[in-house]
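In what follows, a structure is listed as structure tokens, so that the remarks can point back to it.
The values are calculated or read from the model by the stated rules, or taken from the named source; none is laboratory data. On a predicted model such as this, the values are computed, not experimentally measured, just so you know. Here the Cβ positions follow ideal geometry from the backbone for every residue, glycine too, while neighbour counts run over all protein chains shown.
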Amino acid sequence: MKVAFYAPLKSPDHPVPSGDRQIARGLLDALRITGHDTRLASRFRSFDGRGDALRQARLRLIGRRIAERLVARYRGGERPELWFTYHLHHKAPDLLGPAVSRALDIPYVVAEASLAPRQRDGPWATGHAEAFAAIRDADIIVSMNPADVPQVRMARAIHAPAELLAPFVDVCAFAGHTRRPQRAHVPVRLITVAMMREGAKLASYRTLATALSLLRDLPWTLQIIGDGPSRIEVAAAFAPFAERVQWLGALPATEIASCLRESDLFVWPAVDEAFGLAFIEAQACGLPVVGADSPGVAAVVSNGRSGLLAPAGDAERFAAATRRLLDERELRERMGSDALAYVRERHDLPAAAARLDLILKGVLARRRVTAEASS
């Protein structure tokens with residue numbers, strides 16, 4: 001199947017790494033390994049993070065022109081059979097896919113859509129309306145974060161097609177080497193991986209620092225992989241026990257995997273975050289994890305089997321969960337083994353690719369039935 005792929009928030013080949021870019025790349029891999037001829041439709045970024053009405057108007061104008069050019073090009077001989085958009089919301093609506101799909105009369109598929117009702121009015125009202133319309137009219141919505149499902153369902157007809165797709169990674173890329181065994185009578189090696197920026201990331205770092213400050217009676221060290229504009233604020237949060245912290249900065253994926261395999265426990269509070277691929281990657285390296293008991297994180301961590309989850313934003317409960325895994329080496333080891341088995345079962349690339357392939361084939365089949373019924 002010829003698929004036009006588009007990510008309005010961040011193109012899969014954007015130079016700045018992020019979880020969003022990583023998921024987009026994973027979806028491309030999943031489509032390609034099942035034989036779909038998938039091509040990037042555009043690198044146009046519709047994102048407006050400030051609620052700037054003039055910028056939004058300019059983006060809409062640019063989007064309309066790009067959509068017109070794409071329609072002309074596709075009619076000239078590069079016509080896709082399906083349009084696939086990854087991740088749209090009020091700050092980054094899809095200004096291309098709906099128009100191109102209507103003009104070419106091809107299925108319009110959205111993976112990872114979200115709606116925030118409180119944004120219906122205010123600085124992103126237009127973006128909210130555009131996201132709502134795209135979600136309403138899509139042939140199918142594929143959700144990766146369970147927290148998005150209720151609002152998305154409300155925007156669509158009662159029986160409109162919708163599917164869940166578990167977030168995934170290529171487990172072989174992380175579990176391809178033997179993990180260093182955990183050692184007795186030495187500091188437990190904690191690790192976390194996250195960008196350093198304002199908002200949820202900085203809040204998570206501060207929650208982690210508060211939690212670890214309650215565990216200074218235990219022997220542990222912490223490696224932090226990540227960098228960003230809030231590096232100074234993050235460092236300040238960990239200053240009271242700076243001698244235990246090693247700052248590794250931003251690293252390529254292969255080095256991150258190597259560091260994870262050399263560690264004993266992954267810790268990340270994930271305050272106000274969707275799900276976090278880092279949890280899946282850590283488990284794929286045989287690490288137990290401590291995270292937030294939120295819908296997104298709970299969808300990628302088996303609480304009590306592959307890790308422990310604490311109420312989101314509760315530093316004391318997060319510290320208590322971490323303390324348990326610091327104290328109980330056998331539990332850490334068992335959860336580490338179970339973590340690898342869990343992600344192989346639920347969050348591996350081949351399984352996700354097969355499911356996504358069935359979803360898209362179902363979309364085309366429903367289109368054919370509808371066309372035959374109306375002819």
Going through (1) in the same structural domain as ARG58 (by TED's automatic domain parsing); (2) in contact with a helix residue (DSSP H, G or I) (Cβ under 8 Å, 6 or more places away or on another chain); (3) over 30 Å from ALA53 (Cβ atoms); (4) at pLDDT 95 or above one by one, TYR108 fails only at (3)
May I ask you to list the residues in the stretch 8-51 that are of a type in the set (A, V, I, L, M), surrounded by 15 or more Cβ atoms within 10 Å (Cβ to Cβ) and farther than 22 Å from ASP227 by Cβ? LEU27, LEU28, ALA30, LEU31, ILE33, ALA41
Filter the stretch 33-73 down to the residues that are in contact with a helix residue (DSSP H, G or I) (Cβ under 7 Å, 6 or more places away or on another chain) and β-branched (Val, Ile, Thr) and list them by number. ILE33, THR34, THR38, VAL71
Only unsatisfied item for ASP227, checking (1) surrounded by 15 or more Cβ atoms within 10 Å (Cβ to Cβ); (2) under 24 Å from GLU112 (Cα atoms); (3) acidic (Asp, Glu); (4) not assigned by TED's automatic domain parsing to the domain that holds LEU31, is (2)
Would you mind telling me which numbered condition in (1) of a type in the set (S, T, N, Q); (2) surrounded by fewer than 17 Cβ atoms within 10 Å (Cβ to Cβ); (3) more than 20 Å from PHE168 (Cβ to Cβ); (4) not assigned by TED's automatic domain parsing to the domain that holds ASP105 ASN303 fails? (3)
Is it the case that ALA282 is part of a helix (DSSP H, G or I) and without any contact (Cβ under 8 Å) to a residue 24 or more places away in the chain? no
Matching entry among MET144, MET196 (being at negative phi, touching a strand residue (DSSP E or B) at 6+ places or on another chain (Cβ under 7 Å) and not aromatic (Phe, Trp, Tyr)): MET144
Against the condition farther than 19 Å from ALA351 by Cβ, in a helix (DSSP H, G or I) and either in contact (Cβ under 8 Å) with a residue 40 or more places away in the chain or within 22 Å of the chain's Cα centre (by Cα) (or both), how does GLN22 come out, does it pass? no
Unique residue being under 30 Å from VAL186 (Cβ atoms), touching a residue at least 24 places away in the same chain (Cβ under 8 Å), exposed (fewer than 15 other Cβ atoms within 10 Å of the Cβ) and over 26 Å from the mean Cα position of the chain (by Cα) when the list is GLU316, GLU330: GLU316
Matching residues in the stretch 343-360 (of a type in the set (Lys, Arg) and under 16 Å from the mean Cα position of the chain (by Cα)) number 1
For GLY296, are the conditions met, namely being out of contact with any Gly (no Cβ under 6 Å at 6 or more places or on another chain) and closer than 24 Å to TYR86 by Cβ? yes
Taking the stretch 249-271 and keeping only residues that are of a type outside the set (Asp, Glu), under 27 Å from ALA320 (Cα atoms) and either outside any strand (DSSP E or B) or modelled with pLDDT under 95 (or both), one is left with ILE256, ALA257, CYS259, LEU260, ARG261, SER263, TRP268, PRO269, ALA270, VAL271
Across the stretch 193-223, which residue is surrounded by the fewest Cβ atoms within 10 Å (Cβ to Cβ) among those that are among the charged types (D, E, K, R) and over 21 Å from the mean Cα position of the chain (by Cα)? ASP217
Every residue in the stretch 241-285 that is surrounded by fewer than 22 Cβ atoms within 10 Å (Cβ to Cβ) and acidic (Asp, Glu), please. GLU243, GLU255, GLU262, ASP272
Residue check: is ARG317 basic (Lys, Arg) and in contact with a Pro (Cβ under 6 Å, 6 or more places away or on another chain)? yes
Pick from the stretch 138-150 the residues that are at pLDDT 95 or above and out of contact with any Leu (no Cβ under 6 Å at 6 or more places or on another chain): which of them is surrounded by the fewest Cβ atoms within 10 Å (Cβ to Cβ)? ILE140
Every residue in the stretch 333-369 that is crowded, with 16+ Cβ neighbours inside 10 Å and without any contact (Cβ under 8 Å) to a residue 60 or more places away in the chain, please. MET335, ASP338, ALA339, TYR342
